[in-house]
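This report refers to the structure that appears directly beneath it.
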Amino acid sequence: MEPSMFLEVENEVSVVAGSKLSQLRCSRDGRDWNTLLPSSVVTAAGSSDILAVACQDRMLSVFSSCGRRLLPAIQLATPVSALHCSAHFVMALTAGAALSVWDVHKQKALVKNESLLSILPGADTTVSQSLLTQQGVPVVGLSNGKSYCFSSSLETWTLIADKGDSMVQCADFRSCLPTQDAPVSSGPLAVMQGRNLNAGRLASRLSSTPHHLQQSMTLAFLENQLASALTLQSAQEYRYWLLIYTRFLVNEGSKLFLL
Amino acid sequence: MEPSMFLEVENEVSVVAGSKLSQLRCSRDGRDWNTLLPSSVVTAAGSSDILAVACQDRMLSVFSSCGRRLLPAIQLATPVSALHCSAHFVMALTAGAALSVWDVHKQKALVKNESLLSILPGADTTVSQSLLTQQGVPVVGLSNGKSYCFSSSLETWTLIADKGDSMVQCADFRSCLPTQDAPVSSGPLAVMQGRNLNAGRLASRLSSTPHHLQQSMTLAFLENQLASALTLQSAQEYRYWLLIYTRFLVNEGSKLFLL
Amino acid sequence: MEPSMFLEVENEVSVVAGSKLSQLRCSRDGRDWNTLLPSSVVTAAGSSDILAVACQDRMLSVFSSCGRRLLPAIQLATPVSALHCSAHFVMALTAGAALSVWDVHKQKALVKNESLLSILPGADTTVSQSLLTQQGVPVVGLSNGKSYCFSSSLETWTLIADKGDSMVQCADFRSCLPTQDAPVSSGPLAVMQGRNLNAGRLASRLSSTPHHLQQSMTLAFLENQLASALTLQSAQEYRYWLLIYTRFLVNEGSKLFLL
């Protein structure tokens, strides 16, 4: 089990030369450390490896679990609205709707101040969820039911889940699901798609849909799942959906060639 | 000869659970495939290797020539206004005047959502031509006679042709052109410069220009051609202009040192 | 000693086909060269390796010290307001408050059109100083006393000096300074921090500050210096501050564990 970490922040611990200092105190695994910051801490987040704090002066600081400063003070363009750490990655989502992710070990940006405006269709759509995977892939869920991840290699937002997508609702691959003994899919893709993924439950009600159309929908859906799992670098989910996809091709193969 | 590819799009092939599905049907070299998309297709483009379609929901999808989805669904910020495929590269120019190019094999962005505003001097200048080379270099021709390519290594717009440039019109290198048997220059640089490149035809009329000035113009022009061909990764054109440049240096060498 | 370079610009040296040509004449180490540009030169800068000129048409051209064109003509989005060359790097700061740096040898962008708006808190803050290190790291000093460098690996602005930072003013490491024989710190970090760095001069006056707080301030300050020197790729300054940091840990070590 991971050792617990206790983080305590005391803003305005002292006023020196007219400016207010904040103190960060951290306790973990019997080791204590503390450090000072020249502005009030507004958000903090941590993982097993790192600790990140964002201050009122829009500065982001990252420390090791032993208190060593790992990055120089990073100036954010607007205040931070969500801060996540996962493994040795840190993700900052700002009030200006921009997303950044850094690989702290490699001292390298993975995602650089990317605007969310591309994926927000209008002012009434909001960010309902955000997460950072153990591989440093950022995922954003919107109030319109769509979830996106930012691919650092394709350098673009890619759609990984859409609760309103009819293909998700109509794809029927019940006969291809692993046996109950096999591990079920768990990971960022499952988290973002939620219970909406009903493996053809709705589809069975839509008996009016022609069979060849439902086959095409299922195939397109399964290929989307593979592409999404790959983009999310979610190895377990990729294997899970590849197995279902392969079974589907085998089961339906002879019929597919007759399309 | 390349086998022909037939691509057929049927929008609203079916309405399932309230949303309209589109079908993409492709036939090539005797192999047929089809797939479904959850929105109307507005543009499609293809090369020998890949097929790209942009939908009304601003999603870009890329498939192999056999119908396998090669990239996750890419969300564009604004509707696509031009879509090109060349070899395994895909280029999207959006209505928001931003350009992107992806290397589909490497699953990597070469040019990432670059604004054309840097090269558009005013609202009255428009994009008159756009192309993507076999090396994945995007080229944009404007209504003001200037052509730019976006260099993915320099990460900036570079001028490769300007029909109004006096140096283009006055450079005189007729004596250095290859013999008629040699291959003429063909490639993206020639395409963008067009017949305007008259090898000193205008220059001969401008007999009032001092000789040493015309020499300098010719040298500067030839060096620009080399830099442009290099940026365009156009090997054949680079060789062509290097030959002319070398001949010019040899022919005019003794005079150049007297400048 | 570096050989001197003389650069002479003559705008409108000739009017050909309606457009004005400018001539650049360069003399260095007994070698002369000249070239023509199709627009008036507005700024020029040079280093031991390269020469850069920005023209009225917002084109940036880079030449070798022998006059060979090294980059294609780069189109800047707005007029250049500061141009620096250092070793084989060129930096352009534009009137639109965007910064770019290119590595001319590698034909590669290090910093790509980065907005300064992230670091400018309001319209009354201006850029008071800008420099480019021998390693190609761009540094910008603002009128509010803060200095930033843009890290090309973290792809973000990082704070490297703040004249108003109370920790800078209160850190006390006088007992850890190298002897007078040792080389003093010189480099971009020292340039941007200036004489403000008084090694605890102010601190000694602030005798009311509790000792453990001043210790924490000194530690935090020294760790900031290390992170800044690393980001600036300033090897000599990193060694200098590492030595002081180590001495401080040794001197204060027993007391630090009692915090």
- Message: I need the full set of residues from region A:230-243 which are touching a residue at least 60 places away in the same chain (Cβ under 8 Å) and surrounded by fewer than 21 Cβ atoms within 10 Å (Cβ to Cβ), in order please.
- Response: A:Gln233, A:Leu243
- Message: Given the criterion more than 11 Å from every other protein chain (Cβ to nearest Cβ) and under 23 Å from C:Trp157 (Cα atoms), identify the matching residue among A:Gly136, A:Gly145.
- Response: A:Gly136
- Message: For region C:169-210, give me each residue that is assigned to a helix (DSSP H, G or I) and at pLDDT below 65.
- Response: C:Arg195, C:Asn196, C:Arg201, C:Leu202, C:Ala203, C:Ser204, C:Arg205
- Task: Quickly run through region A:93-106 and pick out the residues that are over 25 Å from C:Ser216 (Cα atoms), touching a Leu at 6+ places or on another chain (Cβ under 7 Å) and either in contact (Cβ under 8 Å) with a residue 40 or more places away in the chain or assigned to a loop (DSSP other than H, G, I, E, B) (or both).
- Result: A:Leu93, A:Ala97, A:Leu99, A:Val101, A:Trp102
- Note on the structure: Those residues of region B:148-163 which are more than 15 Å from the chain's Cα centre (by Cα) and facing chain C (nearest Cβ under 7 Å) amount to B:Ser153, B:Leu154, B:Glu155
- Breaking point among (1) closer than 18 Å to B:Ala220 by Cα; (2) of a type outside the set (Lys, Arg); (3) modelled with pLDDT under 95, for C:Gln75: (3)
- Query: Considering region C:211-246 alone, what residues qualify as being outside any helix (DSSP H, G or I) and either touching a Phe, Trp or Tyr at 6+ places or on another chain (Cβ under 6 Å) or not polar (S, T, N, Q) (or both)?
  - Reply: C:Leu232
- Query: Mind checking which residues of region A:67-104 are farther than 20 Å from A:Val9 by Cα and touching an Asp or Glu at 6+ places or on another chain (Cβ under 8 Å)?
  - Reply: A:Ala87, A:His88, A:Phe89, A:Ala98, A:Leu99, A:Ser100, A:Val104
- Message: Here's a check for you: in region A:68-89, which residue that is part of a loop (DSSP other than H, G, I, E, B) and more than 9 Å from every other protein chain (Cβ to nearest Cβ) is farthest from A:Asn34 (Cα to Cα)?
- Response: A:Pro79
- Query: Quick one: is B:Leu60 at pLDDT 95 or above, crowded, with 22+ Cβ neighbours inside 10 Å and over 19 Å from the mean Cα position of the chain (by Cα)?
  - Reply: yes
- Message: Restricting to region A:107-116, name every residue that is farther than 16 Å from A:Thr156 by Cα and either exposed (fewer than 15 other Cβ atoms within 10 Å of the Cβ) or free of Cβ contacts under 8 Å to residues at least 12 places away in the same chain (or both).
- Response: A:Lys108
- How many of the residues making up region B:138-147 are touching a helix residue (DSSP H, G or I) at 6+ places or on another chain (Cβ under 9 Å) and within 16 Å of B:Gln225 (Cα to Cα)? 2
- Can you name the residue in region C:37-67 that is without any contact (Cβ under 8 Å) to a residue 40 or more places away in the chain and part of a loop (DSSP other than H, G, I, E, B) and, of all such residues, is nearest to the other protein chains (Cβ to nearest Cβ)? C:Pro38
- For region B:211-241, the count of residues that are at the interface with chain C (Cβ under 10 Å from one of its Cβ atoms) and touching a Pro at 6+ places or on another chain (Cβ under 7 Å) equals 4
- In region B:117-160, anything farther than 20 Å from B:Trp102 by Cβ, in contact with a Lys or Arg (Cβ under 7 Å, 6 or more places away or on another chain) and buried (at least 18 other Cβ atoms within 10 Å of the Cβ) is listed as B:Leu159
- Query: So which residues in region A:21-39 are of a type in the set (D, E, K, R) and modelled with pLDDT of 85 or more, if there are any at all?
  - Reply: A:Arg25, A:Asp32
- Determine if region B:154-161 includes at least one residue that is free of Cβ contacts under 8 Å to residues at least 40 places away in the same chain and among the acidic types (Asp, Glu). yes
- For C:Asp124, indicate whether it is over 21 Å from A:Arg58 (Cβ atoms), more than 14 Å from chain B (Cβ to nearest Cβ), in a loop (DSSP other than H, G, I, E, B) and among the acidic types (Asp, Glu). no
- Task: Filter region A:1-36 for residues that are in contact with a strand residue (DSSP E or B) (Cβ under 8 Å, 6 or more places away or on another chain), under 17 Å from C:Cys170 (Cα atoms) and at the interface with another protein chain (Cβ under 9 Å from one of its Cβ atoms) and give the result.
- Result: A:Val13, A:Ser14, A:Val15, A:Lys20, A:Leu21, A:Gln23, A:Thr35, A:Leu36
- Message: Checking the condition part of a strand (DSSP E or B), over 9 Å from the mean Cα position of the chain (by Cα) and not aromatic (Phe, Trp, Tyr), which residue from C:Asn144, C:Asn113 passes?
- Response: C:Asn113
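The values are calculated or read from the model by the stated rules, or taken from the named source; none is laboratory data. Here the structure is a predicted model, which means the values were calculated and not measured. Cβ sites come from the backbone with ideal geometry, for glycine too, and all protein chains shown count toward neighbours.
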